[in-house]
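What follows is one structure encoded as C-alpha cells, with my remarks underneath.
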C-alpha cells in the first residue's frame, strides 16, 4: 500500500484496517465468496483470498496486524538533524552547485549517521516525512535566451565534437 505524503497510518487508521481484516472471519466460516466479501469491504479480491488463507492456517488471531514490516533506518531525532543539513547548503558539504539530489542526501546520511541506504530508500524516507521533489515551475527571470541560443550554436558544437 502506498501512503500519501505525510507518512504512514495514524493509530485510528491502523485500528480501522485491523478491524477490516478481522471482519470477514465469520463470513469465511459461512463459506461466502471472496468476491462478495471484497465488494462489501471495498478491498481487492486478492486481499480477501490472502486473509482467508491466513485465517485457515492460523485461525482468526492470525489476521491481526503483525506490525510494520521493518523499522525506519533513521530515528525521529536523526531525521530532525538531517532536516537541518539542507539549510547549510550543498557547498558546506563539498558540492560546487546549489542542488540537492537524492544521491547527495544519501551521501550526507552516510557521512553523518554511518547508515547506508539506496536512492529509492532515501526518496521513501523523505516522502514519508512530508518532503517532495521540487522542480522550478517557470524559468528564471534572469535567463538570457539570446545568450543560451548563442551558446547552443557556437560552444555546444565544439564541445560535442571533442
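The values are calculated or read from the model by the stated rules, or taken from the named source; none is laboratory data. These numbers were taken from a predicted model, which means no experiment stands behind them. Cβ atoms come from the backbone with ideal geometry, glycine included; neighbour counts cover every protein chain shown.
Of the residues 81, 49, only one is touching a residue at least 12 places away in the same chain (Cβ under 8 Å), assigned by TED's automatic domain parsing to the domain that holds residue 123 and surrounded by fewer than 15 Cβ atoms within 10 Å (Cβ to Cβ); which? On inspection, the qualifying residue turns out to be 81.
Name the residue, out of 83, 57, that is part of a helix (DSSP H, G or I), farther than 30 Å from residue 22 by Cβ and either modelled with pLDDT of 90 or more or out of contact with any helix residue (DSSP H, G or I) (no Cβ under 9 Å at 6 or more places or on another chain) (or both).
Working: 57 fails: farther than 30 Å from residue 22 by Cβ.
Within the list 83, 57, the selection yields 83.
Of everything in the stretch 60-78 that's loosely packed, with under 10 Cβ neighbours inside 10 Å and at pLDDT 85 or above, which residue is farthest from residue 129 (Cα to Cα)? Per the criteria, the residue is 77. Checked against the criterion of being under 21 Å from the mean Cα position of the chain (by Cα) and either part of a loop (DSSP other than H, G, I, E, B) or under 24 Å from residue 104 (Cα atoms) (or both), the candidates 123, 143 yield just one match: 123.
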